[in-house]
Amino acid sequence: MKIAVLGGGPAGLYFAISMKLRDAAHDITVYERNRADDTFGWGVVLSDETMSNFDQNDPVSEKMIRDHFAYWDDVKVVRGDEEMTSGGHGFCGIGRKQMLLLLQERCRQLGVALAFETEITPERIEALKAEHDLLVAADGLNSRTRMQFEDKFQPEIDMRRNHFVWLGTKQKFDDAFTFIFEKTEHGWIWAHAYQFDADTATFIVECGPEVYQAFGFDTLDQDASRKLCEEIFARHLGGHALMTNSAHIRGSAWIRFPRVTCENWFFDNVVLLGDASATAHFSIGSGSKLGMESAIALAEELNSGKPLNQALQDYQDERKLQVLRVTSAARNSTQWFEEVERYLDLDMMQFNYALLTRSQRISHENLRLRDPDWLGAAEEWFQTRAGGKGRRSPMFAPFALRGMELQNRVVVSPMAQYKAKDGQPTDWHFVHYAERAKGGAGLVFTEMLCVSMEGRITPGCPCLNSETVPSWSRLTQFVHDETPAKICAQIGHAGRKGSTRLAWDGIDQPLPEGQNWPLLSASAIPLMVGNVVPKAMDRADMDAVRDQFVASVIAAEAAGFDMIEMHAAHGYLLASFLSPVTNQREDDYGGSLENRLRFPLEVFQAMRAAWPEDRPMTVRISAHDWMGEAGVTPDEAVKISAAFQAAGADAINVSSGQTDKAEQPVYGRMFQVPFADQVKQELNIPTLVAGNIYEPDHVNSILMAGRADLVLLARPHLADPYWTLHAAVELGDTDQPWPAPYEGGRRQALTLAERARAMS
């Protein structure tokens, strides 16, 4: 193939090397606008895993790079006068200029033509496209090729919030990758520092826009800006200066990070590579890694014997998913640093843990592999603070709300069963909830128990009233007599989402003609076309529904529940008042957030007044309607939570979505945790969270980082009622009690698990 590569950075050069290794007959020219020894960065960070991939692809260039590495194993976090170090992280750094020179040398060895100081105009791009079998655009995050063919690649560029500047220093920071957080008169500013050669380190300074403006970095030239950074971090620099190599940039060298994603990575014979197609924030140090590993993948496909279009399509299909995983982790890390001031008052142990796990790529058990002593100390800190004992995982730490004490932080999430008969729970409910209480979770939620027959979602949904007290009492009595678990009644009203079929008969679909019942909501907006149109509630309706909620609270006390939760999420009745999507009223209950909160707060206060003082009460909210600015946003959810906190809520159960069918949710592992984290940190209130949480690692990471206090799992508990007991076995926790009749199973499970660990 005759190939033109635009961009002489790591991705472009390594692609040329990888192609030549697979077929020396390829005619490849790399075009670079700068000189061969120009570079505007400092150090490049690569992990041991990445270097192993490079070794498999080209041992020669891998050794050339490795011979120039600076290694470190530790990560040090410095915050004011405090510091903490953890080990086992296995990273290495090399100067960007040195790396480029080595890759250029390897290209020349393999017969790749290198054309430096070559300006590529739009006309030249068109000509190269026509003259070559393949045009590889490795021309960076400001890719001219991507911009020229914007309609083909469909890029999205998200300019992130924080400002940062790349600097260097002769203070080597050779003992650890170091994060330094300094509190100044204008707020927090921090540095990412790491060695990359025998006597030099990268020193990236970062801060939020408010601090950036307050210091006047936007008005300073590069030299004045550099000197100011020296003053701020003087005590960490050991008398060394900070250096810049951005003299080619006019004005300030401070920038904001552009998060680049593209719908398409290729068209015709043009393909994007590296930062041109997707960017990963510098805080996870994976930009060069991504580009070079993508170069390997692209070379593999192009030498597979497939037609060009199929090779490029297969490259995009496979590699785009791999890159998405890294860039999603980078997005998490970016957001953590953008919101870092939320966490800077945490205990140093928890702050350090939160920083290490910020991207979700490093998990709780992965930290144990890296530095078991440090993680053990962190677990002991968590348990001691919670009133527990030993070095057990955070999920097994006790937790208390008012007079309710939980033995651990695992919660069985509310899960609709659709097995009630005329509002009455059946034996199905008894067995379902009793089994999960036996399964080791600290707290078991019921599904939403409806305050009236008209408040049911489906004909299979149960109610909580004086008539159902005997059935629920039977359950709570069993839970209290036979297990250490506590049980919570979630109380709600379906609103406009009521009068629908059982889930397996067509979720959210209206009942057959003649079987529907009248509905209430904040406004007369049906769930979908064809569903019952609800009545917009008047004051008499509000009084009646409020009294029904209070009657359910009285029934919950009579039935022996340990806790209650008011359901104000997912588009149900109370949630329909909170969201501007479903609340289009023009009276005192619509419009402003204060008005939209009015009725839900009234119901909450009436419920709290009827509920015993020593028993906790929580509220479930949808923190994000996933409908842009038209719906509830996470920032508004904080204000909603604050209102319920002021009214006496003991904790907020933070969920999202299901408000309207037009929603556009963004799913992923633990996708609702950032919302719970924001509410918890900004309001200093306990939070509960669910949402694609399915591994003990997830639970422990959330808790140890202080992002929530209780973790709810739904589907895992459907698949395994004994999820908590089995998680304890998996983690080697021998302190988790099992029901006495199951003691033999416990011993066998622990023995088999220990044997499996020994064999592995």
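Listed by first and then second residue, the pairs linking a residue in the range 453-472 that is open to solvent by 40 Å² or more (accessible area, probe 1.4 Å) to a residue that is of a type in the set (F, W, Y) and modelled with pLDDT of 95 or more, with Cβ atoms under 9 Å apart and 6 or more places separating them unless they lie on different chains, are M453/W517; E454/W517; P459/Y418; S471/F430. For the range 671-690, the condition of being of a type in the set (S, T, N, Q), out of contact with any helix residue (DSSP H, G or I) (no Cβ under 7 Å at 6 or more places or on another chain) and either modelled with pLDDT under 95 or assigned to a helix (DSSP H, G or I) (or both) holds for none of the residues. Selection within the range 413-433: residues that are surrounded by fewer than 21 Cβ atoms within 10 Å (Cβ to Cβ) and of a type in the set (G, A, S). The member of this set that is nearest to the chain's Cα centre (by Cα) is A416. Is the range 107-125 home to any residue that is of a type in the set (S, T, N, Q) and in contact with a helix residue (DSSP H, G or I) (Cβ under 7 Å, 6 or more places away or on another chain)? Checked against the condition, which is being of a type in the set (S, T, N, Q) and in contact with a helix residue (DSSP H, G or I) (Cβ under 7 Å, 6 or more places away or on another chain), the range 107-125 yields no hits at all. Looking only at residues in the range 97-154 that are touching a Lys or Arg at 6+ places or on another chain (Cβ under 6 Å) and in a helix (DSSP H, G or I), which one is nearest to F15 (Cα to Cα)? This residue is L110. Taken over the range 155-172, the criterion of being open to solvent by less than 80 Å² (accessible area, probe 1.4 Å) and not in a loop (DSSP other than H, G, I, E, B) is satisfied by P155, D158, R160, N162, H163, F164, V165, W166, L167, G168, T169. Taking first residues from the range 309-335 that are without any contact (Cβ under 8 Å) to a residue 12 or more places away in the chain and partners that are of a type outside the set (D, E, K, R) and open to solvent by less than 30 Å² (accessible area, probe 1.4 Å), the Cβ contacts under 7 Å between residues at least 6 apart in sequence or on separate chains come to A311/L302. Any residue at all in the range 197-208 that is surrounded by fewer than 22 Cβ atoms within 10 Å (Cβ to Cβ), of a type in the set (V, I, T), at pLDDT 95 or above and more than 29 Å from F69 (Cα to Cα)? Checked against the condition, which is being surrounded by fewer than 22 Cβ atoms within 10 Å (Cβ to Cβ), of a type in the set (V, I, T), at pLDDT 95 or above and more than 29 Å from F69 (Cα to Cα), the range 197-208 yields no hits at all.
Just the residues that are basic (K, R) and in contact with a Cys (Cβ under 8 Å, 6 or more places away or on another chain), please, taken from the range 430-473. Across the range 430-473, the qualifying residue is only R456.
For the range 671-686, the tally of residues that are open to solvent by less than 10 Å² (accessible area, probe 1.4 Å) and in contact with an Asp or Glu (Cβ under 6 Å, 6 or more places away or on another chain) stands at 0.
For every residue, the table says whether it meets (1) part of a loop (DSSP other than H, G, I, E, B); (2) of a type in the set (S, T, N, Q); (3) open to solvent by less than 10 Å² (accessible area, probe 1.4 Å).
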{"residue": "F549", "(1), (2), (3)": "no, no, yes"}
{"residue": "I554", "(1), (2), (3)": "no, no, no"}
{"residue": "F561", "(1), (2), (3)": "yes, no, yes"}
{"residue": "I564", "(1), (2), (3)": "no, no, yes"}
{"residue": "H570", "(1), (2), (3)": "yes, no, no"}
{"residue": "L574", "(1), (2), (3)": "no, no, yes"}
{"residue": "T582", "(1), (2), (3)": "yes, yes, yes"}
{"residue": "D587", "(1), (2), (3)": "yes, no, no"}
{"residue": "N595", "(1), (2), (3)": "no, yes, no"}
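The set of residues in the range 82-100 being open to solvent by 20 Å² or more (accessible area, probe 1.4 Å) and modelled with pLDDT of 95 or more consists of E82, E83, M84, T85. Of the set (1) assigned to a strand (DSSP E or B); (2) surrounded by fewer than 21 Cβ atoms within 10 Å (Cβ to Cβ), all apply to I28 but (2). Checking the structure you have, find out if any residue of the range 390-406 is of a type outside the set (D, E, K, R), without any contact (Cβ under 8 Å) to a residue 60 or more places away in the chain, out of contact with any Ser or Thr (no Cβ under 6 Å at 6 or more places or on another chain) and open to solvent by 10 Å² or more (accessible area, probe 1.4 Å). There is at least one residue in the range 390-406 that is of a type outside the set (D, E, K, R), without any contact (Cβ under 8 Å) to a residue 60 or more places away in the chain, out of contact with any Ser or Thr (no Cβ under 6 Å at 6 or more places or on another chain) and open to solvent by 10 Å² or more (accessible area, probe 1.4 Å). Picking from residues in the range 695-727 that are closer than 16 Å to V412 by Cβ, of a type in the set (G, A, S) and in contact (Cβ under 8 Å) with a residue 40 or more places away in the chain, the one that is most open to solvent (accessible area, probe 1.4 Å) is A714. When residues in the range 372-389 are screened for being open to solvent by less than 30 Å² (accessible area, probe 1.4 Å) and among the acidic types (D, E), 1 of them pass. Of the residues that make up the range 38-50, is at least one closer than 18 Å to E105 by Cβ, open to solvent by less than 30 Å² (accessible area, probe 1.4 Å) and more than 27 Å from the chain's Cα centre (by Cα)? The answer is yes; a qualifying residue exists. Note on the range 495-525: residues that are part of a loop (DSSP other than H, G, I, E, B) and on the phi < 0 side of the Ramachandran plot total 17. Does V603 qualify as being of a type in the set (A, V, I, L, M) and over 24 Å from the mean Cα position of the chain (by Cα)? It is true that V603 is of a type in the set (A, V, I, L, M) and over 24 Å from the mean Cα position of the chain (by Cα). Candidates are the residues of the range 602-633 that are touching a strand residue (DSSP E or B) at 6+ places or on another chain (Cβ under 7 Å) and of a type in the set (S, T, N, Q); the one that is surrounded by the fewest Cβ atoms within 10 Å (Cβ to Cβ) is T618. Determine whether the range 322-338 contains at least one residue that is in contact with a Phe, Trp or Tyr (Cβ under 6 Å, 6 or more places away or on another chain), open to solvent by 10 Å² or more (accessible area, probe 1.4 Å) and more than 27 Å from I28 (Cα to Cα). No, the range 322-338 contains no residue that is in contact with a Phe, Trp or Tyr (Cβ under 6 Å, 6 or more places away or on another chain), open to solvent by 10 Å² or more (accessible area, probe 1.4 Å) and more than 27 Å from I28 (Cα to Cα).
When restricted to residues that are open to solvent by less than 10 Å² (accessible area, probe 1.4 Å) and at pLDDT below 90, the range 285-296 contains 1. If you go through the range 728-750 and pick out every residue that is in contact (Cβ under 8 Å) with a residue 60 or more places away in the chain, closer than 21 Å to G376 by Cα and part of a loop (DSSP other than H, G, I, E, B), you end up with 4. For the condition within 23 Å of Q154 (Cα to Cα) and either open to solvent by 20 Å² or more (accessible area, probe 1.4 Å) or basic (K, R) (or both), F282 does not qualify.
The values are calculated or read from the model by the stated rules, or taken from the named source; none is laboratory data. This structure is a prediction, so every number in the text was calculated from the model and none was measured. All Cβ positions, glycine included, derive from the backbone under ideal geometry; neighbour counts span all protein chains shown. For the accessible areas, the whole protein counts, side chains as well, though only heavy atoms, and no ligand, DNA or RNA atoms are used. Shrake-Rupley method; radii C 1.70, N 1.55, O 1.52, S 1.80 Å.
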